[in-house]
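The structure appears right after this line, and notes come after that.
None of the figures in this text is laboratory data; all of them are computed from the coordinates on show. All of these numbers come straight from a predicted model, not from anything done at the bench. With ideal geometry, Cβ positions are generated from the backbone for all residues, glycine too; neighbour counts draw on all protein chains shown.
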Amino acid sequence: MKSRLRPENGKMVIINFKMTDIGRVEVAVEKQQSLGTVLLQCRSLTGIEIGGVIAIRQGQVITKNSIVEDGDEIDIFPAISGG
């Protein structure tokens, strides 16, 4: 699945959902936003529920409070517990 919501200004963040059927989602951003806000936009766009996740940007783990901006590409992995 590939979902897209392209803004008129062309600014977007790419979210790659790994280990799921969701795939790549392109989200419009007008300004810098928190990852949590962008994930809420993903939920609105795709209708999916997003639970606990691990987010990676340029090889670094980021949190839902981290600021993302135009051009960022973020890999999202489901947080799976186990032993």
- line: Spelling it out for residue 54: with amide H atoms placed in the peptide plane at 1.01 Å from N, the residues 5 or more places away or on another chain with amide H under 5 Å from its amide H are 77, 79
Label point distance in nm, residue 58-residue 80, each placed 7 Å from Cα along Cα→Cβ: 2.9
DSSP beta bridges in the chain [antiparallel fraction, %, rounded to 5]: 70
- prompt: What is the distance in Å between the Cα centres of the stretch 52-83 and the stretch 29-46?
  reply: 13
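Ranking 21, 70 by Cβ neighbours within 10 Å, fewest first, what do you get?
Numbers: 21 7, 70 15.
Listed from fewest to most nearby Cβ atoms, that is 21, 70.
Calculate the translational D of the stretch 2-78 in whole µm² s⁻¹ from Stokes-Einstein, where the hydrodynamic radius comes from the Kirkwood formula applied to all Cα pairs, the temperature is 37 °C and the viscosity 0.692 mPa s. Can you show the working numbers first?
Values: Rh = 12.2 Å.
Once the numbers are plugged in, D ends up at 269 µm²/s.
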